[in-house]
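Scroll down for the structure; my scribbles are underneath it.
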């Protein structure tokens, strides 16, 4: 089967989604994102992305705090948000569908676009480095 040039992005997205869908732990999800990115994650780069405003009025830290080890609060709705770092909330990043949903939604809020696999890997790597 021959795939036209415009079909490659869709095929790549499907492969990334399948890799992420197979993950069952933060480490497995990180491995899938890193593999999709074609490079190892960089926790320092993930921290910078998390705490820096990216041209808009919000950063990830606007709702999750600069150190996301404690509960946060949504910047506009005030809704409570459980701790984001997996070391402080063992349920975080164990459901790939939820992780993808929240990355998609939050990246659009912060970056005005979806995050790349490398950005997801970097942020997740930093979050996983935060230990109790």
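Read the figures in this text as sums done on the coordinates, not as results from a lab. Bear in mind the structure is a predicted one, so any value in this text is a computation, not a measurement. When we count neighbours, we look across all protein chains shown, and the Cβ atoms used for this are built from the backbone with ideal geometry, even at glycine.
Segment 83-107 and segment 43-70 have Cα centres lying 15 Å from one another.
Here the spin labels are modelled as points 7 Å beyond Cα on the Cα-Cβ line, and at residue 108 and residue 27 they lie 3.4 nm apart.
Look at 42, 109 and count the other Cβ atoms within 10 Å of each Cβ; fewest to most, that gives 42, 109. The ranking of 51, 110, 123 by Cβ neighbour count inside 10 Å, starting from the fewest, reads 51, 110, 123.
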